[in-house]
Every structure is written in C-alpha cells, then in structure tokens.
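Trainee: Sharing a structure, written as structure tokens. Questions coming.
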Amino acid sequence: MKADGRQKLIELLRKTIYELTGNYYPDERMKILEYKLERLLKNLNISMEDPEGVISYFLETLEKRKLLIDLMTVPETRFFREKEQLDVLFDEALKGKLSLNMASVGCSTGQEPYTLAMMMAKRGISGKVFGMDINEEVLKKAREGVYKASELKDIPEEYREYVVAEKDTLKIKEDIKNRVEFRQINLVDPATFKPFACSFDVVLCRNVLIYFDKTSKRVALTNLSGILKKEGLLVISSTEILSRDYYDLFEPVKFERFFFYKKKENKNDKGLNC
Ligand SMILES: C[S@@+](CC[C@H](N)C(=O)[O-])C[C@H]1O[C@@H](n2cnc3c(N)ncnc32)[C@H](O)[C@@H]1O
C-alpha cells in the first residue's frame, strides 16, 4: 500500500475511534493499532487499499463496530491493583459504611469489580458492584468469572476464601459473583448512563481516562458525576491526577497519601444534581 494511502487510513481510524469512544491515539500508540488493524483486515480478507471503504465497513453494523472497539481496547488489569489505595478507600474514606453501591467503569475483564465485592464482603458491607465497559468481549469474560490459575498470586491470602483455585483456573465463588453485575456503557455517551443517574456512593474509573483528551475527558467526567449520589466519591488511579479544569465537577479530598474526588453540586446543570 502507498505511504499516503496508509497515512489516510491511520488518520481516518484515529478520528473514528475518537468519535466512537473518546480515546485519542497519539502517533506512538497508532503504530500498535495499525499492526492490529492489518492483521484483522487480513483475517477478514479486506484490502487496505481503500481507506474510506475500510472505515465504512466497520461502521456498517453494531457487530462490525464491536470489532473496532475490541481492536482499540487496552484490557490490562489485575485483582487488587493498587491495593493500598483501595484499603484507604474502604478503611478511611468509607469508614463505618454498612451498605454501598459501587461502580467500576472501564472494568475490563472484571478483576476490579470482583476485588471491590471481596473487600465489601470481608468488611460485612452489603450492596452491589456494577462493572461497566464499552467492550462486550471483555464483559463476556468478566461475567464468566473464570481466570487463569496464575492470577491467584494477585489475591492476598486473607481474600482467597472468595475464590476456588483449581489446577488451571481460578473461579470466583457464587456469593461474590452474585454481588456483581456487568453492563455495557460508553463513557462519552450520556444515554448509556441514564438508567444509573444518582445511583452510586463510589465510582472507580482507574487507568481509563489516561487515553482521553481534554474534550472527551470532560464529557466522561460529566457522565461519571451524573451517576454518583450527592457527595459521592470518584476514584481514579493514584498515578493519575484530576486537574483544576474539572474542579467545577469534583472537589479533591485527601485520605492519607491518596486523593479521592467528591462530587460537587453543579449550579448550571440541574441534571447532574441528586
Ligand atoms: C486499562 S483497562 C482498565 C481496567 C481497570 N479499571 C484497572 O484499572 O485495572 C481500560 C478499560 O477501559 C475501557 N474503555 C475505554 N474506552 C471506554 C469508553 N469510552 N467507555 C467505557 N469503557 C471504556 C476499555 O475497554 C478497557 O477495558
């Protein structure tokens, strides 16, 4: 394929993924995407020669759109990721809570929402955890609750009562699975969040917004604010920061060395207030 045709395909792909998901791919990350796209098109027997044709193919049906979303997904996650942050969340920020409704947005294959459910069970806290993601493929895996046996190493000893470790697999026990539900949402599509307005005490959205630009991040954060209850907490990764640009939506609150973000009432938008 000619260099200018390839460049055109890359630009169209970048624009389409951004419009569909809010994820902005800078040049260095485009390389990986280009490689994945090339393999997918080969499998589908589609020529790369016609950039517009390739993009229209993916936009034709919901099923085909899913292929594109699966292509761009960075599914990396693990049980008890940043455990120290989660311990401070439960034992300091949420101290004394007997019931909680939590969401893990951008939950990938489910390790994060199951971690939250185990932490709630351990502390005798009732309530539900919703795992949410744009990608149906990762959600399918999450609903199964079956992982590789090697992931047992990520689960601290005191939480291993909630899983069954077999020779090759690690299964989440039914009482933990029953606490978790999975839903497909899109961080940049407010309609997908409507059923959850003012529903959650805590929303985790860790290692997701790092792939968004300023504009799509604002849309996503507005949607996350909308699903939090009054004064509910947003948790991002401790390696991320929420800049002052978003202090109209959230106010930082510090517990030990961690910042969490408390939902602010929004004077201009009645829809965000609970
Ligand atoms: C790196 S994983 C983070 C998993 C987990 N939160 C953690 O920290 O371990 C990022 C996830 O965000 C999801 N994601 C990306 N764009 C999204 C969007 N617009 N709406 C919802 N989920 C999205 C991806 O599908 C992927 O599963």
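Read-outs throughout are calculated quantities, based only on the coordinates presented, and are distinct from any laboratory measurement. Model, not experiment: these values are computed from the prediction. Here the Cβ is made from the backbone with ideal geometry for all residues, glycine too, and neighbour counts use every protein chain on show.
Trainee: Assign one of three labels to the range 114-203, namely rounded, prolate or oblate, based on the Cα gyration tensor with a ≥ b ≥ c the square roots of its eigenvalues; rounded applies when a/c is under 1.5, prolate when it is not and a/b is larger than b/c, and oblate otherwise.
Mentor: oblate
Trainee: For a footprinting-style exposure proxy, rank C274, C107, C205 by other Cβ within 10 Å, fewest first.
Mentor: C274, C205, C107
Trainee: Are any of the pairs K128/K254; K122/K167; K36/K171 more than 27 Å apart by Cα-Cα distance, and if so, which?
Mentor: K36/K171
Trainee: Work out how far the C-alpha atoms of the range 1-105 reach from end to end along every principal axis, then list the three figures in whole Å, largest first.
Mentor: For the range 1-105, the Cα extents along the three principal axes come out at 62, 29, 23 Å.
Trainee: Could I ask something else about it? For I155, I241, what's the fewest-to-most ordering of other Cβ within 10 Å of each Cβ?
Mentor: So the ranking, lowest neighbour count to highest, is I241, I155.
Trainee: Unpartnered cysteines of the chain (Cβ-Cβ under 4.7 Å counts as a partner)?
Mentor: C107, C205
Trainee: Another question, then. May I ask you to order 227-233, 251-257 by the average number of other C-beta atoms within 10 Å around their residues, highest value first?
Mentor: The most tightly packed comes first, giving 227-233, 251-257.
Trainee: Could you sort 264-270, 136-142, 192-198 so that the peptide with the highest average Cβ count within 10 Å comes first and the rest follow in order?
Mentor: The peptides rank, most packed first, as 136-142, 192-198, 264-270.
Trainee: Mind grabbing the base-10 log of I(q)/I(0) for the chain at q = 0.15 Å⁻¹? Debye formula, identical points on the C-alpha positions, no solvent, two decimal places.
Mentor: Values returned for q = 0.15 Å⁻¹ are -1.13.
Trainee: Here is a follow-up. Over the chain, what is the relative contact order in whole percent, taking alpha-carbon pairs under 8 Å and six or more residues apart?
Mentor: Once normalised by length, the contact order is 16 percent.
Trainee: Follow-up question, since we're still on this one. Using all C-alpha to C-alpha distances in the range 38-167, build P(r) with 5 Å bins and read off the rounded percent in each one.
Mentor: Taking every Cα pair in the range 38-167, the percentages come to 2, 9, 16, 18, 15, 11, 9, 7, 6, 5, 2, 1, 0.
Trainee: Between E76 and K141, what is the label-point separation in nm under the 7 Å Cα-to-beta-carbon projection?
Mentor: With each label point 7 Å from Cα toward Cβ, the separation is 1.4 nm.
Trainee: Just rank F80, F259, fewest to most, by other beta-carbon atoms within 10 angstrom.
Mentor: F259, F80
Trainee: Oh, and also: Excluding residues on the same chain fewer than 8 positions from K83, give the aspartates and glutamates whose Cα lies under 19 Å from its Cα.
Mentor: List returned: D91, E92, E112, E151, D154, E157, E158, E161, E240, E256.
Trainee: Here is a further query. Need one word for the range 127-265: rounded, prolate or oblate. Basis is the Cα gyration tensor (sqrt eigenvalues a ≥ b ≥ c); a/c below 1.5 gives rounded, then a/b vs b/c decides.
Mentor: prolate
Trainee: Grab the DSSP H runs of the chain that are 4 residues or longer, score each as -39,500 (n - 2.57), total them, divide by all residues and round the 222 nm result to the nearest 500 deg cm²/dmol.
Mentor: So the calculated ellipticity at 222 nm is -11500 deg cm²/dmol.
Trainee: Sticking with this structure for a sec: Would you calculate the separation in nanometres between label points at K167 and E151, each defined as 7 Å from the Cα along the Cα-to-beta-carbon direction?
Mentor: Between K167 and E151, the simple spin-label model gives 2.1 nm.
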